[in-house]
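The values are calculated or read from the model by the stated rules, or taken from the named source; none is laboratory data. This is a predicted model, so every value here is computed, not measured. Neighbour counts run over all protein chains shown; Cβ positions are idealised from the backbone, glycine included.
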Amino acid sequence: MKTRGFEKISAYQNVDLPMPQRKTAHSAGYDIAAAEDVELLPGQVTLVPTGLKAYMNKDEYLGIHIRSGLSIKHCLSLINSQGIIDADYYDNPDNEGHIMIAVYNHGTVKLSIARNCRIAQGIFTKFLCIDNDMLAETTKRQGGMGSTDEYK
């Protein structure tokens, strides 16, 4: 029985990608790498593909955080501060649950990220719901990234 973990999406099944892993016994985050070479232009957001999807329990989410060394050395951040991958994002009909890292380049020069460069960390976290929250039982995800956004 699967509880939580990472899998490649179908488009990357035959691509040699490092699977996320913790680097020390006390690391909270699983390092996540870029699946392709990308250019991060100054003052812009770039979606960096990972080729991965994550599965987890329905009362968990995967928090995506930029790696601190990369952030500090190159003036990078995630545009939304922390990415949140919901449990029902896995295998959604729009993009199969593909985790994309939305990186903002605060610097003044273009930065190249090489395929397999570890750019983020994922941390699985439990969350709580309020009393009488019936959405968990009645509402189903209809799409991929941004699918519940009212500002489409």
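A compact table of results
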item: Every pair of residues 6+ apart whose Cβ atoms lie under 7 Å, when the first sits in segment 70-99 and is within 22 Å of Y55 (Cα to Cα) and among the aromatic types (F, W, Y) while the second is at pLDDT 95 or above and surrounded by 15 or more Cβ atoms within 10 Å (Cβ to Cβ); result: Y89/G97; Y90/K53; Y90/A54; Y90/Y55; Y90/G97
item: Residue among I123, I119 that alone is in contact with a Phe, Trp or Tyr (Cβ under 8 Å, 6 or more places away or on another chain) and either assigned to a loop (DSSP other than H, G, I, E, B) or at pLDDT 95 or above (or both); result: I123
item: Hits in segment 63-90 - residues which are within 14 Å of the chain's Cα centre (by Cα) and not in a strand (DSSP E or B); result: R67, I79, N80, S81, Q82, A87, D88, Y89, Y90
item: Any hit, segment 7-26, residues being within 12 Å of A120 (Cα to Cα), buried (at least 20 other Cβ atoms within 10 Å of the Cβ) and in contact with a Pro (Cβ under 9 Å, 6 or more places away or on another chain); result: no
item: Complete set of residues in segment 50-60 that are buried (at least 20 other Cβ atoms within 10 Å of the Cβ) and not hydrophobic (A, V, I, L, M, F, W, C); result: T50, G51, K53
item: In segment 1-55, residue farthest from the chain's Cα centre (by Cα) [restricted to those that are β-branched (V, I, T) and either at positive phi or in a loop (DSSP other than H, G, I, E, B) (or both)]; result: T24
item: First in segment 119-134 and closer than 20 Å to A28 by Cα, second anywhere and at pLDDT 95 or above and basic (K, R), Cβ under 7 Å, 6 or more apart; result: I119/R67; A120/R67; Q121/R67; F124/R4
item: Residues within segment 10-41 that are among the hydrophobic types (A, V, I, L, M, F, W, C) and either free of Cβ contacts under 8 Å to residues at least 40 places away in the same chain or more than 15 Å from N116 (Cβ to Cβ) (or both), tallied; result: 7
